[in-house]
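Data first, discussion second: the structure below is written as C-alpha cells.
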Amino acid sequence: MPSKPVLIIGGGISGLCVARLLVQRGIHCIIFEQSVMEKSQGYAITVRDWAFKPLLEELGGVTVDAFQNAVAVDRAFGGSGWVDLTFRNNETGKALFNPEPPKGGNQGALFRANRSALRDWLSDGLDVRYEHKLEGVRGTPGHVTAVFRSGLEIAGSILIGADGVNSSDAGIRLTLSASLVRRALLPNASAEVLPVVLFHGKRVMTVEAWRELWTNHIGASTVAAGVGDNFNTFITVANGTNSGSIYLDWTYSRARAGEDDALWMPTRSEIMKVPQHLLKEIRSKDLVPPFSILVDADAIKKDKVYNWRIWALQVSREDLDRVSERGVVLIGDAVHAMPIFGGEGGNHAILDSVELFKIISARWTETLTAGDVRTVIQDFYNGAYQRGQDAVKRCAQRFSQFHQPIEKWEKVAETATRNGNRV
Ligand SMILES: Cc1cc2nc3c(=O)[nH]c(=O)nc-3n(C[C@H](O)[C@H](O)[C@H](O)COP(=O)(O)OP(=O)(O)OC[C@H]3O[C@@H](n4cnc5c(N)ncnc54)[C@H](O)[C@@H]3O)c2cc1C
C-alpha cells in the first residue's frame, strides 16, 4: 500500500517551506491551517542567507534576486529589502553603532521580507486547507490520525507540527498552544513571557512622503532602529504597494517597570485602543525625525495598537522523543519560539524545514514503515534540536540587553568604534 500523506499542521513559514519542498520532490502532503485564507500577515521579517540560501538551493537554484523580487518589502518600487541596522539615538539622531554592518554587493546577507508575500510565494501549488484547526492526534509512527475541530479525521504517515506558538493563551507561564498536540503531548513545555512592554502600530503614507521624511535620516534602509534612554523606537517598512503607498510598522518598547506598571498586560495579546498611559509616555520623550513623526502620540491616538508579548520557549529532547512515539515531529516556533526583536525564529523555521525535508526525502519510499518514520524524526532532532534551543537562549539574552540607559548605549558605541564596527 502506498505511504499515507505527510500531514502538516500550520500554514506559517515552516509548514509552507517544508510542504513546498516535499511537493517538489513528489511527496504527497496536505497543510491544515486554522485561519482563513485571506488573513493578512502584514508585517515583515529579516531573512538571513544562512537560512534562505539552503531553501533556494533545494528549490532547484532559485536566485536571490528572484526571491527578493517576489518577497522584499519594497519590491513594488524596485527595492530588495535592504537593511542598515545602525542603532541611532532616537532623541538626537546620532548614529551609535551597527551590530551587523552591511556586506558589499547587491546580494546582502540579510534583507526584509513581507510575511504575506512570503506566504503567497511559498504557497504556490500547495494543497492548503484553511479553516482546519487541529484538536487532537492519535496513532503511532506511520499511522497517525489528525483530528480537527470540525470532527474531520485524516490519516497520514507522519504529522509535522508547524503550528507556532499560540498567541491567545493567557498568563505569564503559558501552557503551549491551543493545539491539543502539545497540550496532551508536551504538558511540561512552557512559553515564558519576557518582562518587556512592547506596543506596535501601523502608519501608511505615500512613497513620496515617506522618502521625504526618511531618506535624510535613514537613507535607503527599510529599518530605522532607534534606541533611547531605557526605551526603544523601531520603525520598519512592512510593505510597499503598486499604487504608491507604503505601510510602516512602529514599535515602542521598554522593560517592565515594577509591579504597578500600567502598560504591562501579559494576559492581553491583542489589538486595542491606544492606552492613555502609552500616549502620556510617548509625549514625555523628546524624539527626533523620523521617530518623532512616526511614533507620535497625536498621530496615533485614534489608532489601534497591538500589545505584543515577547516569548521564549524551550522544549526538552525527552518531551520531543515522547511526542515522536505518536508519529509527530515539531518544527519552527512550535519547538523554539524566540523574541521577535533580534530574533531568528523565522530563519530557524526555514532551516528546520529544509533539514526535515532532506531527511524525509532520503527515506521516502512507496511503503514507509514505522521504523522509517522513527528514524526520520530522530535524525532530524539529532541535527536540528540543539541549534534551535541554543538560538532561543542567545536571542533571549540579546533581547534582555535591548533596553538600557543611553549612557550604556554610548559606551557600547565607543567600544564598537574601537573595534572598527561602526558605519
Ligand atoms: C512582528 C514580528 C516580527 C518578526 N521578525 C522576525 C525577524 O525579523 N526575523 C526572524 O527570524 N523572525 C521574526 N519573527 C518570528 C517569525 O515570524 C516566527 O519565528 C516564524 O513565523 C515561525 O514560523 P512557524 O511556521 O514556526 O510559525 P508561524 O509562522 O507562527 O505559523 C504557525 C501557523 O500555525 C497555525 N496554527 C496554530 N495552531 C493551529 C492548529 N491547532 N491547527 C491548524 N493551524 C494552526 C497558525 O494560524 C499559523 O498560521 C517575527 C515575528 C513577529 C510576530
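Structural remarks
- For the stretch 232-248, Karplus couplings with θ = phi - 60° (6.51, -1.76, 1.60), whole Hz, Gly/Pro x: 10, 10, 10, 10, 10, 6, 8, 5, x, 10, 5, 8, x, 9, 10, 9, 10
- What the phi angles of the stretch 261-268 give under the Karplus curve with 6.51, -1.76 and 1.60, with θ = phi - 60°, is a coupling list of 5, 5, 9, 7, 10, x, 9, 10 Hz, glycine and proline written as x.
- At full extension, residue 230 and residue 267 could sit 11.0 nm farther apart than now, given 0.36 nm per residue minus the alpha carbon distance.
- Cα gyration tensor, the stretch 46-94 - rounded (a/c under 1.5), prolate or oblate: oblate
- Fluctuation leader among 42, 226, 346 - the chain, Gaussian network, Cα springs under 10 angstrom: 42
- A straight Cα-to-Cα reach below 30 Å connects residue 411 with the lysines 94, 103, 280, 285, 393, residues fewer than 8 places away in its own chain not being considered.
- Rounded to 5, percent antiparallel among DSSP beta bridges of the chain: 75
- Dipole of the chain, positive direction: furthest Cα of 236, 400, 24, with charges on the beta-carbon: 400
- Altogether, the Stokes-Einstein calculation at 10 °C and 1.306 mPa s, with the Kirkwood radius of the stretch 1-137 over Cα pairs as Rh, returns a diffusion coefficient of 94 µm²/s.
- Dipole of the chain, positive direction: furthest Cα of 278, 83, 373, with charges on the beta-carbon: 278
- Short-range pairs are left out: with C-alpha atoms under 8 Å and at least six residues apart, the relative contact order of the chain is 22 percent.
- Part-to-part distance (alpha-carbon centres) for the stretch 253-268 and the stretch 276-316, which is given in Å: 13
- Candidate aspartates and glutamates for bridging to residue 408, where Cα separation is under 18 Å - those fewer than 8 sequence places away on the same chain excluded: 91, 229
- Ordering 205, 272, 338 from the fewest to the most neighbouring beta carbons within 10 Å gives 272, 205, 338.
- For the chain, size of Cβ-based charge dipole, Lys and Arg +1, Asp and Glu -1, in debye: 280
- Centroid-to-centroid separation of the stretch 55-104 and the stretch 189-222 [C-alpha atoms, Å]: 14
- Each Cα pair under 8 Å and six or more residues apart adds its separation to the average, and for the stretch 260-417 the resulting relative contact order is 21 percent.
- The mean sequence distance of close C-alpha pairs (under 8 Å, at least 6 residues apart), as a share of the length of the stretch 231-343, puts its relative contact order at 21 percent.
- Cubic angstrom per residue, convex hull over Cα atoms of the chain: 141
- Largest GNM mean-square fluctuation among 157, 245, 284, using the chain with Cα springs under 10 Å: 284.
All of the numbers you see were taken from the coordinates with simple rules; none came from a lab. Since this is a predicted model, take the numbers as computed values, not measurements. Please note: Cβ atoms are built from the backbone with ideal geometry, for glycine as well, and neighbour counts cover all protein chains shown.
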